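Remarks on the structure that follows.
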Amino acid sequence: MINFTINNQPVTAQKGETILQAARKAGFYIPTMCYIEKTTPCASCRLCVVETDKTEGLILSCQTPPTEGLNVTIDSERLQQERTNIMRMYDVNHPLECGVCDKSGACDLQNKTLEFGVSHQHFSAKEQPRAIQHWGAINYDPSLCILCEKCVHVCNEVIGDDAITLQFGGYKSSVVPKNSDTLDCTFCGECIAVCPVGALVSSEFQYRANAWELTQIPATCAHCSAGCSLMYEVKHASIAQGESQKIYRVTNNFEFSTLCGAGRFGFDFGVQASKDETLFAKAVGAFETASAIRFSSLITTEEALILQRLKEKLGIKLFNEEARAYQSFMAAYTEVSGKSSPSGTVEAIAQSDAIIVLGGRVSSDNPAIRYAMTTAARHNGAKIVYMHPLEDALLQNVVTQNVRYEAGSEEGVVAMLAKTLLENVDVDDVTKNFLENLDEGYLCAESNIGDEEFARMGKMVRRAKRKTLVIGSDVLGHSRAAHIARLCALMESMTDFSLVIVPQMVNTVGVALVCDLDEDTQSDHVVGYNAKGDFVVGSVGKCDMALPALNAQEGTFVSLNYHLLPTNVAVAFEGYCLNDIALALGVTARNTIDYTVQLPQEKGFKGIEFDALDNFYGALGEDNRGYILDVMMCEVAISFEAIADLPEFNGTVVYRCNPINQFNGYTAVSSGVEKDDALRGSMQFAMAARIGHGERVMIDGYDEAKVFVLDETLKGTIALLPRYDSPFGDMGAGYRFEKIQLKKVGS
Amino acid sequence: MHSEPLNDRNVSSNSTYYYVDIEEYPTQGWDKFKRVIKRTFKGELFVGLWVVLREMIKFDIHTVQYPKEKLPIGPRYRAVHKLLRLWESGYERCIGCGLCEKICISDCIRMDTKIDENSRKEVTEYSINLGRCIFCGYCAEVCPELAIVHGQRYENGSEQRAHFVIKDDMLTPLDLLTSGQQAEYPGFGSITPNESVKKTPLAY
């Protein structure tokens, strides 16, 4: 705690806080142009200058921590003059195209120019020819750019693409793609979000709507289990289509949250239907005669509860293999840890200084975790161990230790990892026996990880203070998932590691908490909800009856943080919804959101009405979205089994993994997201499978043919097989590594 | 005349106000009868009749043959809107800033915009719902480019109350522009179309 004064008012700052942060917390206003909370200070605008009694000149409050007893002045005549002069410099030759600029009305430069009363141009410079750059989804206008460097900092420190940089050249300076002629990145669009002027804009959105015409609908991203906060911005579609609303873009509170490309550009996945009574009667009939409902986790928690009620009422089964895998994983986890949810969160990853990621390709499965890892690496100098059979080129700048194990050997790897982390920890006899009886030689040989790798990990862990273990979705579908879960729980409870488990879909956690799921027996008379069935309802793929998509529904999701997140209707859906079907079947609640309060409290839900849930970040970054589920405690029953023989995956092995920004049937139909549904493999894979670049292949057990693409960035014998383009999107069930039979087909 | 004497509303020698001579109102029946007779036969009637007769003989008729003929309208009259073009290049003046849409108090203006192949904002469609428009003139007032103005067409009779006005109806056709028939709004910053107007060099 540091005590100092601002304008003679006493203020306290935490250790590590800057004058600006302390001032904002205390409610003082210091103008900034380049400051962004989630990165290190850019310190390029110099608008945040303040005077102190201990320094001669002006100092930058964004990067200076206060000292005890310091007297800071933030609004003297001299500072006002300094700031006004800075704004005058910003306005030199800034094109007067506010009339057409997308940023007009929400522009920092516009606001600050008016704030400091810069009404005419005091200086001038010779105008340079500056061509507008077209970088795919992003357009860059250098003449509008004020070189605040926010985009560069975010791209480097939060996203980790490190794709843009500042080219210095005095008045000719501009933002340029790093080491490349054109922008080569994951197109998360975060640079667009942070741009204070209209220099970086989405090419899809540019010149289609003005900021003030758009209505912001606070919602939650429907694509992965991180449940990022976003705003759907809607306006009437066009003159020809009258009043019907359309989503024009997605924005986020970029100061405190980050969106990936799927969240930002994959928003137009809505379906539309009218109230067709004969079809509705047919759907109700299908539910009545059904033996089971098969559904994907692309639903709200309320809908999951409706399905559960339908199950109880009609005595049918519920199939969702992906959520069931997570459910049984968590059941085993609870046995050993004694609590219902893991301790880690995405935010905790960003705060960590040691991170171990195991069994998941996080950069494509869950970009929020990748961004948190990048933040940790850049800001805390975190050591990151990435354990996976496939190296990830996107993580190469943040990962300090790449550990490649053999596909299928996760159980052995986790057991060895547990032994490493628990080396000097006092454990009970059961655990001690188990760890001592591990056949290290066999496990190391079969998983192909050397002793020295574990030793290096152990050394790294001993130095760190805040540690996180991230368990990816590969292990959820593993045949020995339950035992792996026990080991993960052991590591969490016996060490100071916090644990993050990454399910695949947006509401896997919610479904797993709410529904009693049954083993999918492929029986007859199955109604599919966004899944295969004899009668299919939903919004993904080919459906017999359309139900609203997740951007046309209100309800909640439960993220991997065990955080209940509300989402709202961006585009009104004219047809029937699942609740209408449930009503016809005697499961009665007037609206879907009436179920929010009924969510099972014994699972940690709080019994709060939907309308009482907030969905925003406070001015200082306080997370006011929904609520965090209570952690339910239960008895601990520690027991371990012998490690099963590690399976071998030889020959042509594929890893079911979607490309960047693709997740499910929703992103597959979104026009703003790049579609790359090719089977990608290395030269080694091509030789093993005897196929060449550009050849079409059929894979046994899969319906569609795939084009094989030779990818130089991949190593090893495992190819990446996208599944988002399958009929109902990626259902995410089963173990993600698979030995396949390939057949070439004529092109 | 100076207004000060008028402000003094007391009738006096200084004030401009004075009492008008008003004939006594008749109270007796006989007096009333006398007034009727006097007014009826005084001959004022024939003065007016003579004017009509005189003009009829001279064939100097002032009746406007509407709708074949129309009276000229004051330049500030606010009738159905027009979208104008730049004199020098023929390009549309509208830049699609959306201010008219925003300021419209009856919310009857809509526009569709997009980015064109030259990375400029293009207005693809523009419509005004004349069934709702109250012709307040705010759109023309706010327009930074003098692109939307009120024209002279005041006849809004139609089979439907809410006929749309679409962009093609409002925009000056190019042939009228080249023949110099685009009526210019004589507002602030407007230009006088003559040979001194030259094409703006947009590419340099």
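Rule-based calculations on the coordinates, nothing more; no lab input. Given the structure is predicted, the values throughout are model-derived calculations rather than measurements. Here the Cβ positions follow ideal geometry from the backbone for every residue, glycine too, while neighbour counts run over all protein chains shown.
Given 0.36 nm per residue, what is the gain on full extension from residue A:67 to residue A:181 after removing their alpha carbon distance, in nm?
Once the chain is fully extended between residue A:67 and residue A:181, it gains 36.5 nm.
Please give the average number of partner chain Cβ atoms lying within 10 Å of the Cβ of each residue in B:25-38, rounded to a whole number.
0
For residue A:583 and residue A:440, FRET efficiency with R0 = 56 Å and r from the beta-carbon atoms, rounded to 0.05?
After rounding to 0.05, the efficiency reads 0.40.
Distance from a point 7 Å along Cα→Cβ of residue A:542 to each backbone N in region A:686-711: keep the residues under 19 Å and list them by number.
A:699, A:701-706
Output the relative contact order of region B:101-143, whole-number percent, from Cα pairs under 8 angstrom with separation of 6+ residues.
Over region B:101-143, the number comes to 40 percent.
Specify whether the C-alpha gyration tensor of the protein assembly as shown places it in the rounded, prolate or oblate class, a ≥ b ≥ c being the square roots of the eigenvalues: rounded for a/c under 1.5, otherwise prolate if a/b is larger than b/c and oblate if not.
Verdict is prolate for the protein assembly as shown.
Order A:34-42, A:193-201 from most to least packed using the mean count of other Cβ atoms within 10 Å.
A:193-201, A:34-42
Considering chain B as a Gaussian network with a 10 Å cut-off on Cα pairs, which listed residue, B:113, B:178, B:63, attains the greatest mean-square fluctuation?
Evaluated over chain B, the most mobile residue of the options is B:63.
Between B:185, B:66, B:91, which gets the highest mean-square fluctuation from a Gaussian network model of chain B, Cα cutoff 10 Å?
Between B:185, B:66, B:91, it is B:66 that shows the largest mean-square fluctuation.
Name the residue farthest towards the positive end of the dipole of the protein assembly as shown from the options A:494, A:65, A:203, assuming +1 on Cβ of Lys and Arg, -1 on Cβ of Asp and Glu, about the Cα centre.
Working it through, the farthest residue towards the positive pole turns out to be A:203.
Gap in Å between the Cα centre of region A:255-305 and the Cα centre of region A:61-97?
Rounded to whole Å, the Cα centres lie 50 Å apart.
Which whole number gives the average count of other chain Cβ atoms within 10 Å of the Cβ atoms across peptide B:92-100?
Taking the mean over all residues of the peptide, I get 3.
Testing the spin-label approximation: label points 7 Å from Cα along Cα→Cβ at residue A:167 and residue B:23. State their distance in nm.
Taking the simple label geometry, residue A:167 and residue B:23 are separated by 9.7 nm.
With a cap of 10 neighbouring Cβ atoms within 10 Å, and only residues DSSP puts in a loop, list the trypsin sites (Lys or Arg not before Pro) found in region B:1-56.
Sparse-neighbourhood loop trypsin sites (Lys or Arg not before Pro): B:9, B:42.
When the chain is fully extended, how far beyond the present Cα-Cα distance does residue A:77 get from residue A:462, taking 0.36 nm per residue of separation?
Full-extension gain reported as 133.3 nm.
Rank A:138, A:375, A:332 by how far each Cα sits towards the positive end of the charge dipole of the protein assembly as shown (+1 on Lys, Arg Cβ; -1 on Asp, Glu Cβ) and give me just the farthest.
A:138
Quick one: helix A:301-314 against the long Cα principal axis of chain A, what's the angle to the nearest 10°, folded into 0 to 90?
The helix A:301-314 is inclined about 20 degrees to chain A.
Two decimals, Cα atoms only, Kirkwood Rh: what is Rg/Rh over region A:653-745?
In region A:653-745, Rg relative to Rh is 0.94.
Report, in debye and to the nearest 20, how large the dipole of the protein assembly as shown comes out about its Cα centre when Lys and Arg carry +1 and Asp and Glu carry -1 on their Cβ.
2840 debye
Please determine, in degrees from 0 to 90 and to the nearest 10, the orientation of helix B:44-58 with respect to the longest principal axis defined by the Cα atoms of chain B, where the helix direction is its Cα long axis.
50 degrees
Please give the average number of partner chain Cβ atoms lying within 10 Å of the Cβ of each residue in B:114-121, rounded to a whole number.
4
Label point 7 Å out from residue B:174 along Cα-to-Cβ: which residues of region B:81-103 have amide N under 15 Å?
Within reach of a label on residue B:174, which here means backbone N under 15 Å from a point 7 Å along Cα→Cβ, region B:81-103 contributes B:85-93.
Please label the shape of region A:104-145 as rounded, prolate or oblate, based on the square roots a ≥ b ≥ c of the eigenvalues of the alpha-carbon gyration tensor (a/c under 1.5 means rounded; beyond that, a/b larger than b/c means prolate, else oblate).
oblate
Which trypsin sites (Lys or Arg not before Pro) in region A:252-359 sit in a loop by DSSP (not H, G, I, E or B) and have at most 15 other Cβ atoms within 10 Å of their own Cβ?
Loop-located and lightly packed - A:275.
Compute the angle between helix A:451-463 and the longest alpha-carbon principal axis of chain A, please, reported from 0 to 90 degrees and rounded to the nearest 10.
50 degrees
To the nearest 0.05, what FRET efficiency results for residue A:84 and residue B:152 with a Förster distance of 51 Å applied to their C-beta separation?
0.60
Taking a label point 7 Å from the Cα of residue A:276 along the Cα→Cβ vector, which residues of region A:565-604 have an amide N closer than 19 Å to it?
Backbone N within reach: A:573-582.
Taking the number of other C-beta atoms within 10 Å as the exposure measure, put A:12, A:5, A:64 in order starting with the fewest.
Ordered by Cβ neighbours within 10 Å, fewest first: A:12, A:5, A:64.
Using the Cα gyration tensor of region A:325-501, with a ≥ b ≥ c the square roots of its eigenvalues, what is the shape: rounded (a/c below 1.5), prolate (a/b larger than b/c) or oblate (neither)?
rounded
Go ahead and run the numbers for FRET between residue A:26 and residue B:66, Cβ-Cβ distance against an R0 of 45 Å, rounding to 0.05.
0.05
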